[in-house]
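Notes follow the structure.
The values are calculated or read from the model by the stated rules, or taken from the named source; none is laboratory data. All values derive from a computational prediction rather than experimental measurement. All Cβ positions, even for glycine, are placed from backbone atoms using ideal geometry, and neighbour counts span all protein chains on display. Note: areas computed on protein heavy atoms with side chains; ligands, DNA, RNA excluded. Shrake-Rupley method; radii C 1.70, N 1.55, O 1.52, S 1.80 Å.
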Amino acid sequence: MAGGGAAPPDPAGAVAGVGVTGLWWAAALSLVPWVELRGSIPLALALGYPPALAFAVCTGVNLLAIPVGWLVLDWFYTRWLSRFRWLRGQVERVRRRGEGYVHRHAALGLALFVAVPLPGTGAYAGTLLGWLLGLSRLRVWGAVAVGVVAAGAVVTAAATGLVAGVRWLVR
């Protein structure tokens, strides 16, 4: 800036020279099934966003998957989507994988199933599992929300270390 003063704050809310466009992409990625927080938080961190912001935005948006998933299951799965063999197989795989957790530990088991940041677990899979097992919506939404927040914390902690390590290597 001519005159030596500090640059004015970015009205779009950019963080340390990083525009909000990257954060929108990370937030959108957190709504993609099988990617969710495992991809969105590391992307936001790699783009230079602070860990707390990456966690808050990506986790908050990923929580939207719970009502969206329930809506898709209620309205579309039994009517149309269950006709596709591949999709029925994916649904059965989620049921087999998580049923033991839920039967042994109830809502805590569902939260633990969602909290493990592995492919095939997450907000969509937890919602699907609760729906398949006939659990109440309130119980499913609460357990999945707790699991999503826990998964977000785990992924943020792991990705923060990973991004810092990669940045150290490329110096």
| query | Which sequence of W24, W168, W80 reflects their accessible areas, 1.4 Å probe, from the largest down? | reply | W24, W168, W80
| Which of the peptides 68-76, 147-155, 25-33 is most tightly packed, and how do the rest follow, judged by the mean count of other Cβ atoms within 10 Å per residue? | 147-155, 25-33, 68-76
| message | At R0 = 35 Å, how high is the FRET efficiency between L64 and V170 if r is their beta carbon distance? Nearest 0.05 is fine. | response | 0.55
| note | Simple spin-label estimate for W25/L118, 7 Å along Cα→Cβ, in nm, reads 3.0
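Please state the equivalent ellipsoid semi-axes for the stretch 87-171: what are the square roots of 5 times the Cα gyration tensor eigenvalues, largest first, in whole Å?
Gyration-tensor ellipsoid for the stretch 87-171: 30, 14, 9 Å.
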| task | Measure nothing fancy, just the Cα-based angle from helix 137-169's long axis to the longest principal axis of the chain, in degrees from 0 to 90, nearest 10. | result | 40
| Taking a ≥ b ≥ c as the square roots of the eigenvalues of the Cα gyration tensor of the stretch 64-110, is the shape rounded (a/c under 1.5), prolate (a/b larger than b/c) or oblate? | oblate
| message | What are the extents of the Cα atoms of the chain along their three principal axes, in Å, largest first? | response | 66, 31, 29
| note | Rounded to a whole %, the carbon-and-sulfur portion of the accessible area of the chain at a 1.4 Å probe is 71
| query | Averaged per residue, what accessible area in Å² does the chain show with a 1.4 Å probe, protein chains only? | reply | 56
